[in-house]
Amino acid sequence: MQEISATEAAALLTSEPGNIVLLDVREAVELQMAAVDGALHIPMAEIPARLNELDKTKTIVCMCHSGGRSAHVAAFLLDQGYERVINLAGGIDGWSADVDDSVPRY
């Protein structure tokens, strides 16, 4: 599975707007603490039931708090036939540290 850093993900979102989906798989309570504007939020447990919300023609960057849960989701999506899936190493914590320090760390 491919992984990228928060800095690389931010650059990808800027260079390919409309072709990248930042998929936040954290729970709603976590989203209330910190979120990245424009991310699609589908909690990890809901992914199987909500696959129809994910466009197979776009690159999906999976994100959680630190990268563990999102790696599981990325692997699941690859198993479901999604070919353009990337895990965000370091998750939203890395995003806050390296891309946007206005996103609270928790």
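Data for the structure
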read-out: ³J(HN,Hα), Karplus 6.51/-1.76/1.60, whole Hz, each residue of the stretch 29-40, x for Gly, Pro; value: 5, 5, 4, 5, 7, 7, 8, 9, 4, x, 6, 8
read-out: For residue 62, residues with placed amide H under 5 Å, excluding near neighbours; value: 23, 86, 87, 88
read-out: Summed side-chain charge close to residue 38 - residues other than residue 38 whose Cβ falls under 14 Å, Lys, Arg +1, Asp, Glu -1; value: -3
read-out: Residue-averaged [θ]222 nm for the chain, counting only DSSP H segments that reach four residues, each worth -39500 (n - 2.57); value: -9500 deg cm²/dmol
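Quick note: the coordinates plus some simple rules give every number you see, no bench work behind them. Quick caveat: nothing in here was measured; it's all calculated off a predicted structure. Counting neighbours? That spans all protein chains shown, and the Cβs are built from the backbone with ideal geometry, glycine included.
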